[in-house]
Amino acid sequence: MSQASAIRDSQERNTRLENMCWRIWNLTRKKKQLEGEEAQRVVKRHREREKARREVTVDMSDLSDGEKIDVVGDLSAHGDSVRGRMSRVSSVDTMANWANQYMEKKLYIVLISLHGLIRGENMELGRDSDTGGQVKYVVELARALGMMPGVYRVDLLTRQVSAPDVDWTYGEPTEMINLTDSLDVMHEVRESGGAYIIRIPFGQKDKYIPKELLWPHIPEFVDGALSHIVQMSKVLGEQTGSGQPLWPVVIHGHYADAGESAALLSGALNVPMVLTGHSLGRDKLEQLLKQGRQPKEEINATYKIMRRIEAEELSLDVSEMIITSTRQEIEEQWNLYDGFDPKLERKLRARIKRNVSCCGRFMPRAMVIPPGMEFHHIIPHEGDMDGEAEGNEHNVESADPPIWLEIMRFFTNPHKPMILALARPDPKKNLITLVKAFGECRQLRELANLTLVMGNRDVIDEMSSTNSSVLVSIIKLIDKYDLYGQVAYPKHHKQSDVPEIYRLAAKSKGVFINPAFIEPFGLTLIEAAAHGLPMVATKNGGPVDIHRALDNGLLVDPHDQHSVADALLKLVADKQLWARCRDNGLRNIHRFSWPEHCKTYLARVMSCKQRQPRWKRNEDECSDSEPDSPGDSLTDIKDLSLSLKLSLDGEKNEKSGTSVTALDFVENASKKKSQLDNMVSTLPISRSMEKAEQSKFQLSRRRKLIVIAADCDTPAALADVTKTIIESVKKDKSASSFGFILSTALTITEVQSFLELSKFKPHDFDAYICNSGGEVYYPCLNSEEKSPGPSFSVDSDYQSHIDYRWGGEDLRKTIIRWADNLNDKVPPVKEVRRLLRIQALRCHAIYCQSGSMLNVVPVLASRSQALRYMFIRWGINLSNLVVFAGESGDTDYELLVGGVHKTVVLKGICSDASKVHSNRNYPLEHVLPTMNSNIVECGNCSQEDISIALNSLGFSKE
């Protein structure tokens, strides 16, 4: 019996071992497969980028020899050295002289930071992964800019949160950021001046939303922010006495979600945009793929990483500048993007300096401007623990800040030097390696204590799974190495306690350490240096630049715990080295002051080409003796858009019965001007903006506007849908105050045919948004009558508004070359956009009519942006719009669903377009809002169902 049991146990053990071997073999094979796929992807990306550079060089065939190679003496890809190009603000006199240049500027600056919890005082840093260093950075930047000469007002726009699990202060619409007197150089006190936090409500009003889930609500924020900026610009214009709105001199987006928002606001307002981003999406994706823990699909589902990457690419399309904290961000993070190539950026900038055409190409300029810090309140500690303990032994509680007592209660010997780490318990912060290094180095344990300030917590089980896992691992290591009495890990601290924590570490002659695997910048290193703390920091990322500037510590490999322990032991044991590092940090810390940062920032911003909303006044138009001919008007319009008929998945074109090839497009492009001349003879269009000005009254007097943006497969289907919607609306007794806007991918020529097919007249619509937002037209007043006059007036101001970065003929050549290389199968839109970005051509590529047509329009143009333009231009109320869209549509469909306007989704409309969206970088559900009271579905496109939908939105009620 016992023998049989032993045999059975042996067999079970062998089976378990065999299964375990198989699992290990499968995991190893999967890891090698992922590594192979990653290597292939990197090689493919490198080849595509090199091919794009060659094509760009061929297109810009007049490049000089000096531009074709990397010129040592040329400006670097990361911008000019701050110290080399601009003198440091070293005295009040220097600052005063510099201030005189900007005193009369009256600048209005808009900063945007959406995720996390932002307030001016008592910031809850470390509350979660979204409320970290970026919150402190943007608030202090706003405060510092608000105190600079010539800056009239700074608005930091963020999300209004009125959730029960957050403090009530985050629900306040406006908060003035208290200013300090350290930067107060000829500062003017005025009404509405200074720096403010403006909280815009968007998304679920009673819920705190993490950044991964904010994407569907971005359009709503943009509409709310646009309304605030327009109103504030008028107020500031009245206060400054200019008589004209004081438009922002720059819109600055911080991180991906705010970057996309800034891009849309910049396009709507036509003002320059600046971008800041740390821990970028592509960099995060690369790191996660290298770890091999999750496939790309799971990573995308968790972090919405592909949506984040697309937002960063769009931000690059629109930005004038990228502001980075370190060179590492440029070379190792931004360099991963299709829309940014340091080598190509350098070549294009060299051409601009020589006044040579860039052939329609543009690359934003990257600038290294390290974040600043407030130093006025910091007094470096000169004493030591032993010397002061004797004098205060009878009054310790009254002399020491409460946070000191909270930390020192952990220690058996609180007088030993303190090794301080200040970071949330996130795996990438690498605190586990730090604890292992401390625990396994006996000499270090004997000489020093370890303090880990890891944010705030109440119960470990209530923390996020990632953070709680790290914290539990740290506690287990403390127990493993028996570090009780040597390691402090307080549960709570206030933001105002952080300077006191630095002071305590400096008082003990301790060391500050940042052991992160990679640190985008390292603001805590600067804070520690300002308090007289030497540093040990990761050699990956921003600390390299900080160490070069301060020379106040040692850099280590964060993966090597022995290297970490040796560096800490060296600084703690060698008092002369400790004193030298401390003195170097205090002597050089001025390089990271806020005055220096803001001086450089404003100089760079003012160097951007200034743009703002512009349009002719009536009196200017009346003075035009010879208005442009309709032919000139139409030529200008068509040069701002490209259309290409395609065959999706090798299907036949319905009209011709044959597949459309690139040759057709080349031939069409070569005959463009003659075709336009023929079109002018049959399509009456007026360029006179007097007609458009008259349309203003037509639009502004409408109580509500109906925007028909259903992307139908055929003109006949669009005609049926349009008729049904208009008839449903006109049943209402107050329908006389309703207006209609047709928003479509069709050209104005095709719209004319559509109107004739549907038996509509031009004046049945108040405006026409054509060619996927590339053109805006209005019906002429005489279009009601049968007269020879023009039927449409083009909004030429809109054309000049969206002309920004339009590649023109060079873009056309690239599209032709791409189309000529097509086989039967048309690539997904993400590949088209990628092609254009790596060529440094900035535009929007949109598949229309279920993928049978490609529209390429300026980067600032889209159907949703055209509506925002009308809000600024004519004053239409976006909240009084209802947009009719299908359940799917063109690849710009997502931009129309969401915002402050109302949306009716027509089920069953343009259902064939779903195959176009299946080839996107990210699924539509990542961007389409759900549970939104402004969006209703209409089961059938019938008059009854449409009326019910409008009633539910309150659009048929006075």
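Couple of notes before you dig in:
- Diffusion of the range 830-904 by Stokes-Einstein, at 37 °C in a medium of 0.692 mPa s and with Rh set to the Kirkwood radius over alpha-carbon pairs, works out to 239 µm²/s.
- Surface composition of the range 462-552: carbon and sulfur make up 50 percent of the accessible area, probe 1.4 Å.
- 15 Å reach of a label modelled at Asp165, 7 Å along Cα-to-Cβ, counting backbone N of the range 104-139: 116-117, 127-131
- Ranked by the mean number of other Cβ atoms within 10 Å of their residues, highest first, the peptides 510-518, 540-548 come out as 510-518, 540-548.
- 1.4 Å probe accessible area per residue over the range 389-495, in Å²: 50 Å²
- Over the range 210-264, accessible surface divided per residue gives 28 Å², non-protein components excluded, 1.4 Å probe.
- Count Lys and Arg as plus one, Asp and Glu as minus one, and take only other residues whose Cβ is under 9 Å from that of Tyr481; the net charge is then 0.
- Net dipole in debye of the range 871-920 [+1 Lys, Arg Cβ; -1 Asp, Glu Cβ; about Cα centre; nearest 20]: 120 debye
- Here is the list for the range 205-283: trypsin sites (Lys or Arg not before Pro) lying in DSSP coil, each with at most 15 other C-beta atoms within 10 angstrom of its C-beta, are Lys205, Lys207.
- The range 490-608: translational diffusion in µm²/s, Stokes-Einstein, Kirkwood Rh over Cα pairs, 25 °C, 0.890 mPa s: 163 µm²/s
- Annotation: His415 carries an accessible surface of approximately 80 Å², with a 1.4 Å probe and no ligand, DNA or RNA atoms counted.
- Accessible-area composition of the range 818-950, carbon plus sulfur, in percent [1.4 Å probe]: 44 percent
- When the listed pairs Lys343/Lys429; Lys106/Lys136; Lys296/Lys825; Lys304/Lys830; Lys704/Lys907; Lys353/Lys830 are checked against a 28 Å cut-off, the alpha-carbon distance exceeds it for Lys343/Lys429; Lys353/Lys830.
- Cα gyration tensor shape of the range 409-509, rounded if a/c is under 1.5, else prolate or oblate by comparing a/b with b/c: oblate
- Overall form of the range 188-339 per C-alpha gyration tensor (a/c, 1.5; a/b vs b/c): prolate
- Protein accessible area in the range 239-348, 1.4 Å probe - carbon and sulfur %: 44 percent
The values are calculated or read from the model by the stated rules, or taken from the named source; none is laboratory data. Just so it is clear, the structure is predicted and the values come from calculations on it, not from any experiment. Counting neighbours? That spans all protein chains shown, and the Cβs are built from the backbone with ideal geometry, glycine included. The protein model used for the area step is the full one, side chains on, heavy atoms only, and it has no ligands, DNA or RNA in it. Shrake-Rupley method; radii C 1.70, N 1.55, O 1.52, S 1.80 Å.
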